[in-house]
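To keep things clear, I will list the structure first and then write my remarks on it.
Read-outs throughout are calculated quantities, based only on the coordinates presented, and are distinct from any laboratory measurement. It should be emphasised that the depicted structure is a prediction, and the values quoted were computed from it without experimental measurement. Methodologically, a virtual Cβ is constructed for each residue, glycine included, from the backbone with ideal geometry; neighbour enumeration extends over all protein chains shown.
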Amino acid sequence: MIFYIGAFGLVLIGFLIMMTQKNVFKIVIGMSIAETGVHLFLITVGFIKSGLAPIIYDLNIDKLAEIKFVDPVPQALILTSIVIGVATLGVGLAFIINVVKHYKTEDINKIKELKW
Amino acid sequence: MVVLNSYPLYLILLPLASAFLLFMLNSFIKKIVPVLSFLVLGFNFFISIKLFAIVQHNPVYVKLAGFLPPIGINLFVSGFNGLFVVVINLIGVAVALYSLYYIKEGAKSQYYFLLLLFFAGINGIAVTGDIFNFFVFFEILSISAYALVGIGNKKLSIEAGFKYLIQGSIGSLLLLIGIGFLYSQVGTLNLGDIAVKMSTVDVKMKLLIGALFISGLGIESALFPLNFWLPDAHSMAPSSISAVLSGLAINAGLYGLLLFYFVIMGTLLPVLNILFVAGIVTMLVGEFFAYRQNNYKRMLAFSSTGQMGLVVLAFFGGTVSLMVAGLLQLINHMLSKVLLFLSGGYILKNRDDYDLDGLSGAFYKFPIAAIGIIIGALSLMGVPLTFGFYSKIKILLGFSSAGNITVISLILIASFIEGVYFIKVIQKLFNKSNDKKEFKIPLLVNLIFILFILLILILGVYPHLGNVNGYVKNLINSSKLMSEVLNVVK
């Protein structure tokens, strides 16, 4: 349970930062924090208390079926997801460099030449 | 019966591998990178047609790395995604050919790298049979789309790209949380397996997952009120990219919604109603804001929102005939909007503001491009002899047989507004202007316009896209079809 609270706490903190902060850097960092929360959530989904790492080193152990293993799939998923997150973060930071170059400001409220 | 076939794999691998290969070899083969990219996408189109011929009879699946489903990733193509893949790759070839002439300066090698990556992503979305794999391809598509919007490195395009990135990444995060909840309930990622196990899931949990998926995918498919990024991104990107974003990227979001609704949710009424209402509101808001625009590409971007609303409305209208009409309208929108963006974009290519005034007198200077704009606009309005007439009348007939007069009148109001602003554009084409003709449109670019014009006109007179009813039935039964993959393996 504590992990779920932590995971959604992180997601909420991240989204809150994205909504309230004015600095473009902080917005991208908020995005990154929310992403970490999602990763923690995915890990928690597959976690079993006092479960072992899902590696069978000896097929002849007694009562193999009774041993509790942690689900390895979410761990594989977040590896992919972390890579995607880094790519998004990279593109975001590249955008920030150019935003600051063009607008000479980091304040998101001053970056609004486009209107509906 | 599901058959094993590896064509879907080529559709993804070819653009993905050549994107990185061409980028690495860029310094040696700088001159021919554009041509090679065009050839890759052309070959993809060829494969997609062959695949389409196969899926007419049997759905196709691919098991990757020797893992048997439901373990491991599998690809799955039925008639419905087969049609989708053909249209995707047709647009891909057209855009690649157009880019040969349109992208003359700036970050050329990066442009083709991202374009190929984009097509790897969208082909992957269309053929995948695994929910997490769907997310990965969705991210490949989104990240390359963010970068493509900002590739011109002009002030406004950077701003539009940054906003798109922020909102798009929120959408992806919500989608990922949804996938997490889904996995915690069913313990599998294979769509066929999910479809089987979903019946045991609690309705409240289903609604939570539904809310996360709709808000995540709704951002990409530009459902109101999640579409604030769209007009900026679509209008500020280079015209070839606007065409791709408007014709393909938002449809990828819609495809995800359909997949999610029919496979994962197994048709749940509250979700249907939410999407139905979202469709109506999106349509009206989109058309209304499009009417207010003076900027050609911005107008088209808002019109995309409106059309997307109409398509969502038809798809989630509840009857099979409406879904067929929605599919036709979806394809009509893809073809017409690509034609409008490409032809108008070339006429306005020397102007930064894409103002409507730039189009004045275009009919006398660039007749074929101007006819392209006219035909595309007429088809979106639903004028007879174009494909749009056929699809729109089918939507209206579908709602009238359901006895839903309110929705019919709302669609007609939206069509009226659409008519007004598109007539404004067409009128501009015939205005007199004193501008000198500074450039000519190359023959091959004109050929693209002619191809799309002919497609829209021929489909308008002879509206046969194969067994459309069958494809829609494929979509409705996709949970059953996809779970067949599990049996074949045994």
### Query
Within 10 Å of each Cβ of B:142-150, how many other protein chain Cβ atoms are there on average?
3
### Query
What shape does the stretch B:223-354 have by the C-alpha gyration tensor, where a ≥ b ≥ c are the square roots of the eigenvalues, rounded means a/c under 1.5, and otherwise prolate means a/b greater than b/c and oblate the rest?
prolate
### Message
Testing the spin-label approximation: label points 7 Å from Cα along Cα→Cβ at B:GLN427 and A:LYS26. State their distance in nm.
### Response
4.9 nm
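Going by a ≥ b ≥ c, the root eigenvalues of the Cα gyration tensor, does the stretch B:101-180 fall in the rounded group (a/c under 1.5), the prolate group (a/b larger than b/c) or the oblate group? Provide the component values of the computation, followed by the final result.
Details: a/c = 4.24, a/b = 1.53, b/c = 2.77.
Here the stretch B:101-180 falls in the oblate category.
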### Summary
Connecting every pair of Cα atoms under 10 Å apart in chain A and solving the GNM, the largest mean-square fluctuation among A:LEU79, A:LEU42, A:LEU64 falls on A:LEU64
### Task
Select from chain B the helices, each a whole stretch of DSSP H, whose alpha-carbon atoms run 15 Å or more along the helix axis and whose Kyte-Doolittle mean is at least 1.0; answer none if there are none.
B:7-24, B:33-55, B:79-102, B:108-127, B:131-149, B:155-186, B:203-220, B:269-291, B:320-347, B:367-381, B:405-430, B:443-461
### Message
Applying a 10 Å radius around every beta-carbon, put B:141-153, B:121-133, A:95-107 in order of their mean neighbour count, most first.
### Response
B:121-133, B:141-153, A:95-107
### Query
List the aspartates and glutamates whose alpha-carbon lies under 13 Å from that of A:LYS26, not counting same-chain residues fewer than 8 positions away?
A:GLU106, A:ASP107
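Give, to the nearest whole percent, the P(r) tail of chain B beyond 33 angstrom, counting all Cα pairs. All intermediate terms of the calculation are to be shown ahead of the outcome.
On the way: 39368 of 119805 pairs.
Roughly 33 percent, once rounded to a whole number.
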### the protein assembly as shown: C-alpha gyration tensor shape, a/c 1.5 cut-off, then a/b vs b/c
prolate
### Task
Can you spot the aspartates and glutamates whose alpha carbon is less than 16 Å from B:LYS473's alpha carbon? Ignore those fewer than 8 places along the same chain.
B:GLU484
### Query
Just counting partner chain Cβ atoms within 10 Å, what average do the residues of peptide B:157-167 show around their Cβ?
6
### Query
Counting each DSSP H run of 4 or more residues in chain B as -39500 (n - 2.57), what helix-only mean residue ellipticity at 222 nm follows after dividing by all residues, to the nearest 500 deg cm²/dmol?
-24500 deg cm²/dmol
